[in-house]
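Here's the structure, in structure tokens; my notes come after.
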Ligand SMILES: Nc1nc2c(ncn2[C@@H]2O[C@H](COP(=O)(O)OP(=O)(O)OP(=O)(O)O)[C@@H](O)[C@H]2O)c(=O)[nH]1
Ligand SMILES: [Mg+2]
């Protein structure tokens, strides 16, 4: 992935892009969402305060010959903020569910809580989901196997990767794969490129029956 | 005019009967075993004309043509390339012959390629036509044939053509005066015409049977002939008695005798006992269900209702207990049923045996076939034909289109001072109707709304209010309020909001709103707002209560000496947790509920976050407020607590402790804050330092219910017409579909699939309503959606009707529904144009043995009232109902043996040949008889 600029404010100042994608990071507190975002946008790793509310960063990338503007939203994993976090789901084309491979509860909470939150609050029916197991650098403390991650991803129909914000392993790939998948999904592109008018009857009618020719 | 050869003389006035007085059965009806009888016919009819030699042609052609002079004139202009043809009649015959040769040479396959048409409602039957001129007359000759040869002969197949059935033939020719010409053939003329065809067919060696109509078409009288190889000739005739059928012929016995009379002339001619094959098809139709009658009967049974009350009693409808009946009553699409019972191949020798058949139970019939009689409205798409949710939704979509015309709903109400209220586009029902609607909406009886979330997986994708909620109910009322024009809607909405304002001011619970502590973001904004208001009203009510008892609280708190050291707002001890600095148990505080937000508030937050970016301190203010509130409450509940204690309780993941192997609380607790929590400048610690110790009851509420409630009412009062209509459209579609979906229709699979498809179509169409795109292309989509809705609504009503009528025969019900569904399917495109049907729905479903009981119960025994209306005369009653049509085929088979027939016979020697066949169709008072007789010459 070839990143050009990393900017965090006034996204309106860069109108020079093909698509704007909104990506969302969710998952239990402490799994490393903010760290992943920091690694992806600033290529650094440092200890950050637990997120209160929300944070987002913008990064311009070139993928598959397209100029893309990614707005990555980092939410708070604290249970207390959960209902408020729902504000930020709207309009996301990609949602990354993060767990900590060394903490089993962060993994089980994905099916118990986070997947349901997506169903409830995501406004994009077709949005791409991705499962990410973070902190693989702490291999000795691993509590969730890779196979379990794969099985979960299969069941919920999402992409899957294991990575480490600390060692940088797979962090870029994770965002890249997600973006490629979004680029493959026409209904998401329609939302992402500005001013695309849509007429569902012209696009795809759920009615499969061909209209017979009339008479009279 | 004489009497029919096979029908006894009718009483005066005599119906017009075709055949001459002489009894032709002596010849045409003779059996092949009597080859010595005289071939001379006293009749000018049928066979003789057909076999006529050309010597008599001049005499005869005069009958077909009208005028000799004209014939001559035409002859001069005629074909001079063939001088051997002397007369116009000969030319006529050769013309027929040429056409027939062509058709014969082509065969079915090529004729179909050349554009043979299918005969309406017979899939396998095709027809080619040619016009012919003879003199001034124009005839039309048609050849009917099958795409593929019909297999084993079966009389009662659904797709058998009436001519085939009547005479026992397959393909056939009919020659008749062009229907537009209005010409009617009399006996001699039709005989002549038939002769021409017979000669032509014989010339080209064809075995096709040919028919010619006689007299006026309503009589359905025919004569016909078929050349069967070199030896046999089959002759046909048919005629009808349209009234005053002799009693004898009303019954099977008499009809059997009639058949016998066709060949049993004397005991010497024929063995006394003839084995007659008999097959019968009886069609019954359920009586029209008379709900009024039922009603009066029911009430008679209980007690007489005073005259005045009868009028005010609502008519009982078939769909009274269907979910939609709260809003409208649908015409029953299933008008009734037609039951066909078939009595197959029986053999009889004596006429009296027939009486037994007539008295036999219908349950003894070989097979039963059932067909619903479907109301024509099902396939009639013309606007206004069907009134249901679909038609009202259409009106709502129209209102949605005009909603962009004004900024405020009030504009629609005021803006017609000069206009005529009677104009339907602006008509508003009188205040009494509005009152009734408001009463229903705000009726306290309904109380706690019991709305259930739609189980349908698309339910959530539809951004409307949940079924049975306050706004959903409003939308349904609006659909049926007057003709749902924008002005009527505006009037209703303004009154609705006024009522809501009243509830808010008076702290009255909102009806039809679930008591909930969260806001359903998948619902439409108006519903979210009403949820918010309902919660605010609850809070307001409890605040008022607290105010009344508030003094007590104050006293208690002012008594305390050192407020900071006194534990306040504890919800209980946290098990096995000790504070870090003092040897005390940790108490969990009561905390405030997180503030509720409707969709637009979430959106505002999102936009704010986007605008401020991560300029620290601006986004996430709400979260900070909550954190601060929690910290204050924690401090109040644990006066000696430290930041570490709060973290251990609130975010245990950020307390890195040593393994707690035993459950006993160790003091002081071992461990430390996580790295990120102990960083310098940590936001959490900052907030902790600033948070005062305050129990929840002394804190400022995170949700200002007075302010938020007022905001909601203001939103409703200033809602843009278009925003209202958008949400009404979504909710009305969803609620209407939900109501239909509640119908019990036996879970027919195809219906269920269609219902799911409706939800999917609605979800995708209505999604663009929230896209805030222009309404121009959207209106078209919405109208198409109404069309789809109408199809499915009609089918669902049909399904419900079939289901309830055949509840005891679920398999049969489902099969009948499937048949109709497949018939209806081509209409269900998404195009706006209607698709009309030439084809009627005629599919019959076989009734299983175990289903017969359920089907027979469709035929309720007639009441005393009904039974005198009709004089029953046919027998074969089903629960006291006479068949509406009886069809019988009598036939006699003869085994062919070489002794009797010429050796050139093309027929196999051990084959049986149907020598006599009679088809009788009609009722006791309208009899149509067709006779086929095979003889050899
Ligand atoms: N070893 C290791 N530690 C990591 C990794 N990623 C994050 N961490 C650490 O995990 C802790 C939590 O990381 P955060 O990024 O703050 O977690 P978060 O998901 O944003 O948490 P909330 O904001 O509370 O929802 C921090 O101390 C990080 O240093 C990783 O890949 N490897
Ligand atoms: Mg974070």
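Only the coordinates and a few stated rules stand behind these numbers; no lab work does. Note that the coordinates shown come from a computational prediction; the quantities given were computed from them, not determined experimentally. As a convention, Cβ positions derive from the backbone with ideal geometry for all residues, glycine included, and neighbour counts pool all protein chains shown.
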Using the beta-carbon distance between residue B:129 and residue A:180 and R0 = 45 Å, what value does 1/(1 + (r/R0)^6) give for FRET efficiency, to the nearest 0.05? 0.10
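Rg over Rh of region A:19-188, using C-alpha atoms and the Kirkwood radius, what does it come to?
Rounded to two decimals, Rg/Rh equals 0.92.
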Note: A:84-92 gets an average of partner chain Cβ contacts (10 Å, Cβ to Cβ) equal to 5
What FRET efficiency, computed as 1/(1 + (r/R0)^6) with R0 = 56 Å and r the Cβ-Cβ distance, is obtained for residue B:607 and residue B:565, rounded to the nearest 0.05? 0.80
Once the Cβ-Cβ distance between residue B:749 and residue B:148 is put in as r, and R0 is 41 Å, what FRET efficiency do you end up with, to the nearest 0.05? 0.80
Return the whole-Å distance between the Cα centroid of region A:124-182 and the Cα centroid of region B:582-657. 29
Packing-based exposure ordering (other Cβ within 10 Å, fewest first) of A:172, B:405: B:405, A:172
Counting only the backbone N, which residues of region B:720-735 are under 13 Å from the spot 7 Å out from the Cα of residue B:404 toward its beta-carbon? B:722-723, B:726
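Could you calculate the contour length gain from residue B:686 to residue B:352, that is, 0.36 nm times the residue separation minus the distance between their Cα atoms, to one decimal place in nm?
Separation in residues times 0.36 nm, less the Cα-Cα distance, equals 109.1 nm.
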Label residue B:573 and residue B:515 with points 7 Å out from Cα along Cα→Cβ: what is the distance between them in nm? 3.3
I want to check the label-to-label distance for residue B:541 and residue B:873. Put each point 7 Å from Cα in the C-beta direction and report it in nm to one decimal. 7.5
Got a sec? How would B:373, B:413, A:179 order by Cβ neighbour count within 10 Å, fewest to most? B:373, B:413, A:179
For B:433-440, B:535-542, ranked highest to lowest by mean beta-carbon neighbours within 10 Å, the order is B:535-542, B:433-440
Quick calc: nm separation of the 7 Å Cα→Cβ label points for residue B:507 and residue B:698 -> 2.5
Fewest to most neighbouring Cβ within 10 Å: what's the order for A:73, B:324, B:502? B:502, B:324, A:73
